[in-house]
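The values are calculated or read from the model by the stated rules, or taken from the named source; none is laboratory data. Treat the numbers as computed from the prediction; the structure is a model and nothing was measured. Here the Cβ is made from the backbone with ideal geometry for all residues, glycine too, and neighbour counts use every protein chain on show. Remember, those area values only see protein heavy atoms, side chains included, never the ligands or the DNA or RNA. Shrake-Rupley method; radii C 1.70, N 1.55, O 1.52, S 1.80 Å.
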Amino acid sequence: MKTITKIGKKCKLAVLALMVLFMANQGQAQLESYLQQADSNTNYYTIRSQMFNYLDSLKNVMDSATFYSGAGEFKNFMKFDKKWAPRLYPDGKFHSYFEKEANFYNNTARDYNFYTDEPWKELGPVRDAPGTSNGKKGIGPMEFISIFDNGTIQSTQHLLAGSLPGGLYYSDNGGENWVSGGTDKWARSGVGSAVFHPTDENTWYASSSGNGNRGRSSWIGMVGGIYRTYDKGLEWEQIADYTSLTTGSATIIYKIAIDPNDDNILYVVTNKGILKTSNLNETEAEDVEWENILQGRFFDLEIKPGNSNVLYATGSTEIIGAMNWKIFISSDKGQNWSPMVYQPDANLTNGFDVTKQAITIEVSKAESKLNYLYCHIKDFGNCGLYYYDFAGGSNWHVIGNYSETFNFGDGHGFGVDQVNGENVIVSYNIYMNQYQLNSTTPAPLHPVHHDVEDVVFHPYVLNKVYIATHGGIEENWPENINFDFKPLYDGLGVGQVEEMSTSFTNPGYIIAGFDHDGTKLTDGDYVPDWTTDWKVVLWGDGMQPLIDHKDPNNMWASWQKGGWRLSLNVFETNSLIPNPSPSGTYWNSYGILHKENPS
């Protein structure tokens, strides 16, 4: 069944999809699976209690190192609970939270008076100080890269890059410098996916990420959706919300894709189906129409190079219970779909939890590979890379198989060479592996900052690659066969400060813990408009740092899982404070100094 609606001028109240608990086929309960279905009467605090019971049971049958690992269910749920439990007080309903959020942005956000209109001065850190022992390691997590391509190599200097909580950035010089894309004007600034207009580098389309911070987008709620800009982010207008998409406020937008030959067609991949508009550039935003062209749960979509009638998608048409991942094909721009006759050898039936199981796909513009479809399969810790030649029989060909712990990018962290189609790079644990189609032996690659979320090959330059990591955007030197990467961090304002401390007596001292990017310190002499000189004093996911309010030479820094270090000389040196918990805390590390005796 297909449905077409228009975006309403006023939002209607919708029931948020809450969570229905079920045990999946193999007995693996996944938090992600709980977030997919709707029940307005379900209460999060009830689910919370059931999750703790489940985790207690899991702890009894699982090795403690695995149970307490950063990628495990326990710590991921605790981080999720830390965010949502306080927000859902007192009734425990996401519906109530989203209703109040929408009311604030739609009705009361402009009612506040501000104490000052004085501009804020940015103190950084723009990047880690050159010459420090750790080098230029990063600013904050980036999720994706999009390259403008109007058919010329010159056009590819224009890039878009997005952060789930930090928003959209653009570059007009191949990533050497970045400028804010203006999504801080949105109710939620984070961006999950963005694309250029096929022929106009100033026109972009982007999706709300729900300010997700778990490596993937979250719900659009009642204020998120799809946006467009005609002037490089100076002005944005919303062209789809939870009502016009007809998929509700629990919609998660995983990807958007524009038809390269028809600038009126945009596809939107969600956990509620694949949506399409054929009048994307309608003058009035509320007149843009959306059609659900493939209902179900979907995760990825690619348009065949050279023939935009052909679409490939991954997901399942099943809505409730155990689902079976498949690759689907359409030959008429998504109006009709069918599963591939020959599916890759994967039996992914364990529910729609993209953190555990997923199929993602890529295509190549290489002339000899236009009939190829590349595929990444994740089945818990087991992963595989494959390709299929539609002109060459029924077999999927193995590029490589491997096991890993983390798999950043949820399978999206792999890219295919666009010039000859022979080279594939994939996120592997916290680094990357490079494969050739004629060899299943990988070559390890090391980015400047680890944790790779996206890999995008240049459309015209052989072996030129952009990657999105938890430090920012990076590129390699294509003439270097070892694929050495260099940082392109300048202007990316995506640092996620967990906690910070300043000195009572030395105002030039600031120490801050950055999620994914260590603990950083600036300790110069304060003067008006002073220049900060940040340096990394401790790596790891930075948490709570402290400065002694009597003697600022004494400082503490902490990192994930409860680790602490003490310095008595402004972090010229430091020593480990033993963790009282052998297995560590669930993730976050907090501390406070005694007011009379800060030592």
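Tabulated values for the structure
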item: Residues of region 320-343 satisfying the condition of being within 30 Å of Y460 (Cβ to Cβ), open to solvent by 30 Å² or more (accessible area, probe 1.4 Å) and not hydroxyl-bearing (S, T, Y); result: I329, D332, K333
item: Among (1) among the aliphatic types (A, V, I, L, M); (2) open to solvent by less than 10 Å² (accessible area, probe 1.4 Å); (3) closer than 25 Å to N281 by Cβ; (4) touching a Leu at 6+ places or on another chain (Cβ under 7 Å) - the single one A161 does not satisfy; result: (4)
item: In region 368-382, the residues that are part of a loop (DSSP other than H, G, I, E, B), closer than 14 Å to K356 by Cβ and open to solvent by 50 Å² or more (accessible area, probe 1.4 Å); result: F380
item: Residues of region 65-116 classified as surrounded by 11 or more Cβ atoms within 10 Å (Cβ to Cβ), among the aliphatic types (A, V, I, L, M) and assigned to a helix (DSSP H, G or I), total; result: 3
item: Residues (among the polar types (S, T, N, Q) and in a strand (DSSP E or B)) located in region 383-437; result: N401, S403, N423, S427, N433, Q434, Q436
item: Within region 88-107, considering residues that are more than 25 Å from the chain's Cα centre (by Cα) and aromatic (F, W, Y), the one farthest from K185 (Cα to Cα); result: Y89
item: Total residues in region 519-535, condition surrounded by fewer than 23 Cβ atoms within 10 Å (Cβ to Cβ) and touching a residue at least 60 places away in the same chain (Cβ under 8 Å); result: 6
item: Inter-residue pairs, beta-carbon under 8 Å, first within 19 Å of Y68 (Cβ to Cβ) and in region 566-587, second at pLDDT below 75 and of a type in the set (G, A, S), 6+ apart; result: W587/G70
item: Filter result for G140 (in contact with a Gly (Cβ under 8 Å, 6 or more places away or on another chain) and modelled with pLDDT of 85 or more); result: yes
item: Residues that are of a type outside the set (A, V, I, L, M), open to solvent by less than 10 Å² (accessible area, probe 1.4 Å) and within 24 Å of the chain's Cα centre (by Cα), drawn from region 384-406; result: G384
item: Residue that is out of contact with any Phe, Trp or Tyr (no Cβ under 7 Å at 6 or more places or on another chain), on the phi > 0 side of the Ramachandran plot and surrounded by 17 or more Cβ atoms within 10 Å (Cβ to Cβ), where the choices are G306, G296; result: G296
item: Of all residues making up region 492-510, the number that are under 28 Å from N433 (Cα atoms) and either part of a strand (DSSP E or B) or more than 18 Å from the chain's Cα centre (by Cα) (or both); result: 0
item: Lone qualifier among I153, I147 - being surrounded by 18 or more Cβ atoms within 10 Å (Cβ to Cβ), modelled with pLDDT of 85 or more and in contact with a Pro (Cβ under 9 Å, 6 or more places away or on another chain); result: I147
item: Every pair of residues 6+ apart whose Cβ atoms lie under 7 Å, when the first sits in region 52-69 and is touching a residue at least 40 places away in the same chain (Cβ under 8 Å) while the second is part of a helix (DSSP H, G or I); result: Y68/F74; Y68/K75
item: Qualifying residue in region 446-462 (condition: open to solvent by less than 10 Å² (accessible area, probe 1.4 Å), of a type in the set (V, I, T) and part of a strand (DSSP E or B)); result: yes
item: Those residues of region 344-357 which are crowded, with 17+ Cβ neighbours inside 10 Å and at negative phi, in sequence order; result: P344, A346, L348, N350, F352, D353, V354, T355, K356, Q357
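Conditions tested, residue by residue: (1) closer than 25 Å to P305 by Cα; (2) touching a Leu at 6+ places or on another chain (Cβ under 6 Å).
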position: G151; (1), (2): yes, no
position: G167; (1), (2): no, no
position: E176; (1), (2): no, no
position: G181; (1), (2): no, yes
position: G192; (1), (2): yes, no
position: V195; (1), (2): yes, no
position: T199; (1), (2): yes, no
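For (1) free of Cβ contacts under 8 Å to residues at least 12 places away in the same chain; (2) among the β-branched types (V, I, T); (3) farther than 30 Å from Y230 by Cβ, each residue gets a yes or a no:
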| site | (1), (2), (3) |
| --- | --- |
| L275 | no, no, no |
| D300 | no, no, no |
| I303 | no, yes, no |
| G306 | no, no, no |
| T314 | no, yes, yes |
| S330 | no, no, no |
| W337 | no, no, yes |
